[in-house]
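Below you'll find the structure, written out as structure tokens, and then a few comments.
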Amino acid sequence: MTEWEIVCEIVRTILLMSVTGGAVALLLFAIKPIIKNGIPKTAQYYLWTLVLVALLVPFSIFISMPVNTPITSAKEVIDDNVKTTQEWYEERAQTRYNLPFDDLKAEEQVDIIFQDSKWWLNNTLLSIPIVCGITTLLVAVVNYLLYINKLRRRRLPANENETALLRRLNNGKRTARLYRNPRVPTPMLVGIFSPLIYLPDNEYNEVQLHNILLHELTHLRRHDIIIKWITAFAVHIHWFNPIVYFVRREIDRACELACDEAVIKNMDNDGKQRYGDTLIVVASDKKLPKTVLSTTMCEEKKALKERLSTIMKSRKLSGIIITVSCVLFISVLGATLILAASARQSENTDLLGANYQVEETLYDTGFFEEEGADAKLPPEYCVTADYHLYSRVSDADGWIYLGALEPYSLNKDELEKYTERDSAWTKKYRIREITDAYILRLETDYFYLVFQTKNGDTLLGYGWEDLGERGQGVSDDTSLFALCLLKSEFGTHMINANFFDRSLIHTFGKHVDAFHYFESDDIPGYLIVGFAAGENETSAGMTDMGFAVFESADGEGYRLLDWHVYKDAALSGNGIYYAEHPAVADKNGNSTNENTYDVILSCNENLASIVRFLDGQQENTYTIDRSGYSMTLLHWDVKENISEISIRLYDEYGNEITGP
């Protein structure tokens, strides 16, 4: 990825997290009147911290859920509109000329570049959210450090009685240092690594001092300062989202209410009354700047009413209330994960081979009804791993070969033009971008289109074209008769043997019988297949052997990457063949000790085990668990610092078999 592509992806992720966090915040604002007096203040506080989780954790990068939510649509809008200048050029080139930008003539490229001057600054505009967020955060940190430095210069040591009370409230454990300071308007706790408690230079009686210190210690034990810093970070990263400012206010409010609740939970009514009186005494007429990340006893007098009312109405928590609070927290957390994970696009943006079923017909002109009762679009298709197309009406009919698919440059505008007879389908199914497309042209001017979209869907279209009029404007009457959404019939660790036979037969021009399938956690996303090949339809008469490497998308589809077939391998060396080529599980063919295997192919029915020796020492025994054809893979991960590797072959009685 280029630097600007990385910037673009960061901006997309920030915008997506902002939308997700905003959605969770709106949900909490909606239920706030219901839960305000129904669940503990601590539970409400931690519910609001889930908004911070949504704002700062890019769940869409790590997890995916196959559900559509409003966030899914937001993701599509963001991806469609937040692009680098080069991406805009590519999109416009495909739309206008149906060619990549680099393949255009010089005058056509100039036309694309100057078509709309507002995109000249697109790369610069991309950096604005990041630059502004970092700048405002740095300014806030600097202001905080300056304020803390002012407090440090004016601080005075607390007296021994105050220090002793603080130590006693903390059960004699080391805790925050206590100071007096004439510059602070209300008691406050500052600092994460070296926390300090500042008291105004006022006189407090013993009860008031007890309540003040207990309040600030509760903040310290609950790590509320860390939550304050995380909230500030979220606000500055999402400075453009007005909802985050309301969220910060709610978190600050919930933080103080939750702290009050924790302090008074074991107090009687008189103790609660004295605690409320303390709040009134320390309430400040002066509001601290938002850059001062601290917890305060009572910063504003106007916040007193709710806190005092809550204190006097507080009651012991029942098991039902605690259960309801836990269920609500888990529910909101689940909603947060679903919203965030529903935005993740499928990692599979390339068309993969698989057996497919028609999941939904998106567009249908009624062409097949006009053709007669026997004419219909088959409900099943097979795109082989080497890109050949088959169809099947039913299991009894078997697969019908249609032809070889060829790469095709297809864009969304072209597709919608072919379906302009009825554009209603575009309202219920939105294609963001076509990422990989293939076409099969039939001799009768009919054609099949099979393509993959950016959200991971596979679609198939059937239509008619006049090649002589393609691209000729209004005279181009190319059209689709039907467009279907396909669903893979495959799944994780599910092997369809006939599919791999079909995926190799056209490559080799011979009959193929796949006999061994290997996948491992050492090479996730890859499958190695051993096979026999020959002129006969059954493996008994096949004389060639080989192996093929497939890329796998969680078992739902495959792409043929590499293959080697060895002529008459079954006739040489007692039917045991050491392949000249290693099997490399890498889509670019890059071999490492971790992804590479030596291959031994065999049709010897007596072969029962293969033993590998490293520098004369037996390293491993590979048991052959089938008679007839077999494939054994010897991992290269042992080759470092080894000077000699040897192989010995044995039958089931331990007799050595002579190999090639």
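The values are calculated or read from the model by the stated rules, or taken from the named source; none is laboratory data. In this text the structure is predicted, and so the values were computed from the model without any measurement. Cβ atoms come from the backbone with ideal geometry, glycine included; neighbour counts cover every protein chain shown. Please note that ligands, DNA and RNA were not included when accessible areas were found on the heavy atoms of the full protein model with its side chains. Shrake-Rupley method; radii C 1.70, N 1.55, O 1.52, S 1.80 Å.
Quick notes
- The residue that is least open to solvent (accessible area, probe 1.4 Å), counting only those in segment 38-65 that are modelled with pLDDT under 85 and either touching a Pro at 6+ places or on another chain (Cβ under 9 Å) or in a helix (DSSP H, G or I) (or both), is Ser60.
- Residues of segment 453-462 satisfying the condition of being in a strand (DSSP E or B) and either under 17 Å from Glu380 (Cα atoms) or of a type in the set (Asp, Glu) (or both): Thr458, Leu459, Leu460, Gly461, Tyr462
- Considered as a group, the residues in segment 192-206 that are outside any loop (DSSP other than H, G, I, E, B) and within 53 Å of the chain's Cα centre (by Cα) include one that is farthest from Glu162 (Cα to Cα), and that residue is Leu196.
- Residue check for Leu351: surrounded by 16 or more Cβ atoms within 10 Å (Cβ to Cβ), modelled with pLDDT of 85 or more and either polar (S, T, N, Q) or assigned to a loop (DSSP other than H, G, I, E, B) (or both): yes
- In this structure, Asn498 qualifies as within 27 Å of Leu405 (Cβ to Cβ), among the polar types (S, T, N, Q) and open to solvent by 60 Å² or more (accessible area, probe 1.4 Å).
- Counted residues, segment 502-522 - those being open to solvent by less than 60 Å² (accessible area, probe 1.4 Å), under 15 Å from Asp562 (Cα atoms) and not in a strand (DSSP E or B): 5
- Residue list for segment 223-252, filter: open to solvent by 50 Å² or more (accessible area, probe 1.4 Å) and either without any contact (Cβ under 8 Å) to a residue 60 or more places away in the chain or assigned to a loop (DSSP other than H, G, I, E, B) (or both): His223, Ile226, Trp239, Phe240, Pro242, Tyr245, Arg249
- Taking segment 629-648 as the range and being of a type outside the set (Asp, Glu), at pLDDT 80 or above and in a loop (DSSP other than H, G, I, E, B) as the test, only Tyr629 passes.
- Positions within segment 398-419 being open to solvent by 70 Å² or more (accessible area, probe 1.4 Å) and either touching a strand residue (DSSP E or B) at 6+ places or on another chain (Cβ under 8 Å) or closer than 17 Å to Val358 by Cα (or both), in sequence order: Ile400, Tyr401, Glu406, Pro407
- Here Ile192 clears all of (1) at pLDDT 85 or above; (2) of a type in the set (Val, Ile, Thr); (3) touching a Leu at 6+ places or on another chain (Cβ under 7 Å) except the condition numbered (3).
- Top-ranked residue of segment 592-636 - restricted to ones that are in contact with a Cys (Cβ under 9 Å, 6 or more places away or on another chain) and hydroxyl-bearing (Ser, Thr, Tyr), ranked as most open to solvent (accessible area, probe 1.4 Å): Tyr629
- Identity of the residue in segment 559-585, free of Cβ contacts under 8 Å to residues at least 60 places away in the same chain and touching a Gly at 6+ places or on another chain (Cβ under 7 Å), that ends up least open to solvent (accessible area, probe 1.4 Å): Tyr566
- For segment 420-452, taking the residues that are of a type in the set (Phe, Trp, Tyr) and outside any strand (DSSP E or B), the one that is least open to solvent (accessible area, probe 1.4 Å) is identified as Trp425.
- Selected residue (criterion: modelled with the highest pLDDT) from residues of segment 508-534 that are under 15 Å from Ala569 (Cβ atoms) and charged (D, E, K, R): Asp513
Okay, residues lined up against (1) in a loop (DSSP other than H, G, I, E, B); (2) of a type in the set (S, T, N, Q); (3) at pLDDT 90 or above:
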| site | (1), (2), (3) |
| --- | --- |
| Asn574 | no, yes, no |
| Glu580 | yes, no, yes |
| Lys587 | yes, no, no |
| Asn590 | yes, yes, yes |
| Asn593 | yes, yes, no |
| Tyr597 | no, no, yes |
| Leu601 | no, no, yes |
| Glu605 | yes, no, no |
| Thr621 | no, yes, no |
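- Residues that are in a strand (DSSP E or B) and at pLDDT 90 or above within segment 364-380 comprise just one, Glu380.
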